[in-house]
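Rule-based calculations on the coordinates, nothing more; no lab input. All of these numbers come straight from a predicted model, not from anything done at the bench. Cβ: placed from backbone, ideal geometry, glycine included. Neighbour counts: every protein chain shown.
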Amino acid sequence: MRFDYDPLLNSRRSAGMDRTERLYKIDLLLNEQPGIPFAALQERLEVSRATLKRDLAYMKDRLNAPIVFDRFAGGYRFDKAAAPVGDQYELPGLWFSAGEIHALLTMQHLLANLDTGGLLGPHIRPLLARLTALLGTGDNPTGEIQKRIFVLNVGSREFHLDHFQTVGSALLRRKRLLIDYFARGKGEQSRREVSPQRLVYYRNNWYLDAWCHLRGDIRAFALDSIRRAEILERKAREVPARTLDAVLGAGYGIFSGREVRWATLRFSPERARWVAGERWHPQQRGRLLADGSYELKLPYTQDPELLMDILKFGADCAVLAPKSLRERVAAEVAKMARTYARPG
């Protein structure tokens, strides 16, 4: 991405809109309405006549914008037939790398699916509109980008973040929360007083890392399992980031603990070509074996999430160590076999 710093370009000229924003808006208006009159441009931008003249001159002289005044159309337009003179016309921040496009599209997707119909909707929509406009600058209109590039979240569960704003407010204000939490694994609901530490977006779902005063330890709570949330006027307990990382980031998956074990997995040569390029954990260690299979070692603290990911590979993944994990996988496979063996 290119960002050319220029004191004039970055100076504040008009109330509520800086010059960069005005240039993008001029570009948008000239593309939307070829032959737009000077007075109409001035009205849409809410700037003085002198400011608009300076902006048009800047775009033409400094950014090589092919802006012409068309007498027959009665206003300004881009002369797309004109041969380029000097550098190609581009606005600051116009070109994106593949990584930047992915980041912007992912952000757009997150915003589009983040409680847009709830309490956060009015706050998200303006940001989403600006992000969509940013993606659509240049030769690729927004509609074309959205039609050609997709971000698909297959396998993610549908969730409703009814308490996202309450949780976020308590987090930023450093206040405690009283929550009613439904633990899906146990099928039980409990009331917890927690000190929120950070919000984490993981595998298409939101989680709250918090100090649980009921358990006296750090826990991660899925936001869509929070049935009720109330901000308490009590100061949140602070947990150092290093401690959070040591507990929640030490092992594989979102739900971790302090007792770290290492799993050794071997993938078949057919699956090795894919798994060798995957990142399961920051501390993982992997190597290709002589027969073409792939050995992956990674730390874990609780096995349910790792167990699910192992099972999805079927016979293409073998657990070499530890013995307890291998036995857990074998027990799950046996249970599945019994289930499928039942008539009907």
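Descriptive notes on the structure:
- Dipole magnitude of segment 164-239, debye to nearest 20 (Cβ charges: Lys/Arg +1, Asp/Glu -1, about Cα centre): 100
- By average C-beta atoms within 10 angstrom, highest first, the peptides 293-306, 68-81: 293-306, 68-81
- Full-stretch length increase - R258, K60 - with 0.36 nm per residue and alpha-carbon distance subtracted: 65.1 nm
- Residue (of A331, V275, V247) at the positive-pole extreme of segment 222-333, dipole from beta-carbon charges: V247
- Diagonalising the gyration tensor over the Cα atoms of segment 218-330 and scaling each eigenvalue by 5 before taking the square root yields semi-axes of 34, 15, 13 Å, largest first.
- For segment 208-273, trypsin sites (Lys or Arg not before Pro) are listed when DSSP marks them as loop and at most 16 other Cβ atoms sit within 10 Å of their Cβ; the list is R215, R237, R258.
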